[in-house]
Structures are given as structure tokens and as C-alpha cells.
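Below you'll find the structure, written out as C-alpha cells, and then a few comments.
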Amino acid sequence: MDMLGGLTAAEFLRDYWQKKPLVIRQAFPGLQCPVSADELAGLACEEGVESRIVIEDDKGKPWQLHNGPFSSDRFSELPEHDWTLLIQGLDHWVPEIADLLEHFRFIPNWRLDDIMASFAPKGGSVGPHYDQYDVFLLQAQGQRRWTFGGHCDHTSPRVEGTPLRILSSWEGEETVTLEPGDMLYLPPGVGHHGVAENDCITLSVGFRAPTVDDILTGFTDYLCNQAGAEAHLTDPDLALQHNPGTIGPEVIDKLDALIREQLSDRRQLSLWFGQYTTAPKNMDIVVPAEEPLEPKQMADLIQDQQPLRWNEGSRFAYHDLCDETALFVDGEQYLLRGDARPLAPLLCAAARVDMHELTRFAEDEALLGLLCNLYNQGSLYFE
């Protein structure tokens, strides 16, 4: 893949993914940043957009964090240099930014977090730090100097007096300057520090993974909401014991068997994980269509090959079960059987749906109803 500096996707995943950094010169040759600094500042003033400003020296305090939304006057109050504006989930608000994600589909949809934009004048940065996720740092405008390398964790020394996790006593192992179109991949735990050499915009394409705590608490909470979870533990074979304070081994055996039975249900695990990983990060953008469609109207638009795409804030994934396929869209599950099963991979393959392939599914009344529902709830829209 040209985006990976001549590496195939398989080679990149084998040699670099979650293993070591990679500098890719001109991953996106001729890239023109789809947003300007002024547009980012405008987004930072809007409710529902997650925005932050980081100032390196804020009235004598190191690396201070300010959360948006901001007033337009806030930007005129900032110093001339050494600060950064961050806009989280930019792909949710700008379709041209969301389109960049199509180049990263060699990584599963469920791993995607979002695209964050970072604007900074000369000297601006968010300090030396490390992240717990995989990230591709794409230079979109101007130049940024990156120093990176060395594994960091919760024991790494940090700067005091800041709410941010800024590393102290860290030097890095390699320094590069990224030009527009260049990209740096960093696996989790690798220290890095990017400093703007002039007015610049960097797009951070982030990929998340749940923590063990997320998995354990999320799945058990899901099981607790399933039918039968309200049943009480029974002990009709209770026997007389010498001391009433004793918790006998047979009790622990029963608890162990109950928990193992619940946790070993792969079907429930699959359904929970699909719903969990596709739950939209921002509910403010996945909103019902202003003008809901009836199935007949939906069928006509599909027949006319009107381009259909995901809402920029929506998440699509699927999982094949024994005799059915579970389609997951924005935290909801839809079970498809028989000839309907291929609809799931079709809808999940790319943000823009293959309309030629979709036509045959629209002939089925139930599937047309599903597509209509996805449109009306805001997960799909016609361009």
C-alpha cells in the first residue's frame, strides 16, 4: 500500500502494528487539509464538539488544560505561540475528514476511535507523553517536529502541577520533521513529543482497544440485564453443618459452576461485544432523520442508485454466528438469517455502500424495512 510506504497491509500488521513506530514519507502525497485553523476554532465554540486548549506556560503554571466550548474572544486572548487547540472526533463533523478513514479499513472497524485535529502556532505542543492506543499522526498543514521512542507506563516520571500526563526526564530516541502528507505511526506506550515549527495542523487517526476492566464490567453488566438474571441461588440439598458460620466448599463449587456457565456463553459474548464496540462515541451527531422515509421511498432511492453512506458518527460491524449473522449498528443488533446474511458484510465494508449490490436486498420487504430503519434513526443518509 502506498499509504504504508510500500508495505502491504499484512507486512505492516506483522512487523509494526503494536510493535514499533514507523515514519511514512508522503503517505498522502499532495494532501490538502480539508479544514482551516479558523474552521477548527469555529468548531471549538460549538456545543457538542469536544474541544481543548493546552497552554505550555499559563501564567507560570506548566501545561494547563482548558475545556471547550470556547467563546470567539478566547482565541484573541491566547499567546502568540506555545499553545495547541485540539478538536476530538473531527471525522464526526467533517465528511471529507471521515473519508480519510477509508484508507485505514485494513484495521477492523471495531478498533476505530476517531480522528482528532491538533492546530498549533510555532512552538505549540501538548508536551511529551504516551498514549494507550495506536495512532497514525498525519501532517495536514505546516511542519511539526516529532521526537519519539522508548516504552513508557504508569511508573514513568511525570511533570507536577499539571492535569495532563506530561513526561519528565524523557528524551526519546529519534527525531523527524513531518511535512504535509507525511505520517508517523506509534503503537501504545511509546513516548512522543510533537512541536509545531510554524502554524500547523496534525490529524491523529486513533484506534482504541477496551481495557480488561471494560470487558469484565461491560459483559457482566450485559449478562445482568438478560432474562433469568433475576433468579436467586437455590440450595434444596442443604445439609446440616457443624458451624453455621462455615461457607462450605460445595457453596463455592456451585458459585463457580454458575459463573463459568454464564461467562462461557460465546453467543452472548459476541452480541455484547458487537453492541459495545459500535456504540457511537458522540450521540449528538447520530440523530433521527429530519424527514423519515417510508419503505417505498427508500426502495425508489436505492433503485435510482442514489449514493448512500454511513453517518460520520456511526459505527458498523458484524459477526457470523452458526446459523445467522449479527449486524451491529450504533450499539444495536440485528440478526440476519438465510439469504439476508450477506447484507451485513455489504453494509460494513465501507462508509459508502455499494449501491449495485444493495439493490437486490431492497427487493426483500423485511430487509428494506431494516434499511429504512437505519436511515430514519440517522445511521445512514443519502448524499
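Taking all protein chains into account, the per residue accessible area for region 220-299 stands at 78 Å² (1.4 Å probe). The dipole here belongs to the chain: it is taken about the Cα centre, uses +1 on the Cβ of Lys and Arg and -1 on the Cβ of Asp and Glu, and is about 880 debye.
Taking all protein chains into account, the per residue accessible area for region 1-137 stands at 47 Å² (1.4 Å probe).
Overall, region 36-132 carries a charge dipole of about 300 debye about its Cα centre when +1 sits on the Cβ of Lys and Arg and -1 on the Cβ of Asp and Glu, all other atoms neutral. Using all alpha carbons of the chain, what is the percent of pairwise distances in each 10 Å bin, ordered from the shortest bin to the longest? Reading upward from the zero bin: 4, 19, 26, 23, 15, 9, 3, 1, 0.
Write out the GluC sites (Glu not before Pro) in region 229-282 meeting two conditions: DSSP loop, and at most 14 other Cβ atoms within 10 Å of their Cβ.
Glu230
When only DSSP loop residues count, what GluC sites (Glu not before Pro) in region 107-189 have their Cβ near at most 10 other Cβ atoms within 10 Å?
Values: sites: Glu160, Glu171, Glu173, Glu174; in loops: Glu160, Glu171, Glu173.
Those that pass, being in a loop and sparsely packed, are Glu160.
Seen from Gly369, the other residues with C-beta closer than 12 Å to its C-beta sum to a net charge of -2, counting Lys and Arg as +1 and Asp and Glu as -1.
Determine Rg/Rh for region 320-383; Rg is computed over alpha-carbon atoms and Rh is the Kirkwood hydrodynamic estimate from the same atoms.
Details: Rg = 11.2 Å, Rh = 12.1 Å.
Expressed as Rg/Rh, it is 0.92.
Each other residue within a Cβ distance under 13 Å of Pro307 adds +1 if Lys or Arg and -1 if Asp or Glu, for a net charge of -2. When the Cα positions of Ala117, Pro95, Gln132 are compared along the charge dipole of region 44-180, Gln132 comes out farthest toward the positive end, with charges on each C-beta of Lys, Arg, Asp and Glu.
Just the number, please: carbon plus sulfur as a percent of the accessible area of the chain, 1.4 Å probe, no ligands or DNA/RNA counted.
Details: 10220 of 19910 Å².
Answer for the chain is 51 percent, counting heavy atoms of protein chains only.
Counted over region 230-291 with a bin width of 5 Å, the fraction of Cα pairs per bin, in whole percents, is 3, 11, 13, 13, 11, 9, 9, 8, 7, 5, 4, 3, 2, 1, 0. When exposed loop sites are taken as trypsin sites (Lys or Arg not before Pro) in a DSSP loop with at most 13 other Cβ atoms within 10 Å, the longest stretch of the chain clear of them is 60-336. Mean projected area of the Cα convex hull of region 58-154, taken over all directions, amounts to 8.5 nm².
What 222 nm value per residue comes from the helices of the chain, counting each DSSP H run with n ≥ 4 as -39,500 (n - 2.57) and dividing by all residues, nearest 500 deg cm²/dmol? It would help to have the intermediate numbers written out before the result.
Values: 11 runs with 98 residues, N = 383.
That calculation yields -7000 deg cm²/dmol at 222 nm.
Dipole orientation for region 123-218: of the candidates Cys152, Asn198, Thr217, Thr217 has the Cα lying most toward the positive pole (charges on Cβ; Lys, Arg +1; Asp, Glu -1). Note on Lys59: aspartates and glutamates with a C-alpha under 16 Å away, same-chain residues under 8 apart excluded, are Glu77, Glu80, Asp82, Glu160. Largest first, the three principal axis extents of the alpha carbons in region 3-139 are 48, 31, 29 Å in whole numbers. Based on alpha-carbon centroids, what's the gap between region 249-287 and region 29-92 in Å, whole number please? Taking the Cα centre of region 29-92 as reference, the centre of region 249-287 is 38 Å away. So what's the net charge close to Glu250: Lys and Arg +1, Asp and Glu -1, counting the other residues with Cβ under 11 Å from its Cβ? The answer is -3. Rounded to the nearest 20, the size of the Cβ-charge dipole of region 273-383 about its Cα centre is 320 debye, with Lys and Arg at +1 and Asp and Glu at -1.
The values are calculated or read from the model by the stated rules, or taken from the named source; none is laboratory data. Bear in mind the structure is a predicted one, so any value in this text is a computation, not a measurement. Using ideal geometry, Cβ is built from the backbone for each residue, glycine included, and neighbour counts are taken over all protein chains shown. With ligands, DNA and RNA removed, areas are computed over all heavy atoms of the protein, side chains included. Shrake-Rupley method; radii C 1.70, N 1.55, O 1.52, S 1.80 Å.
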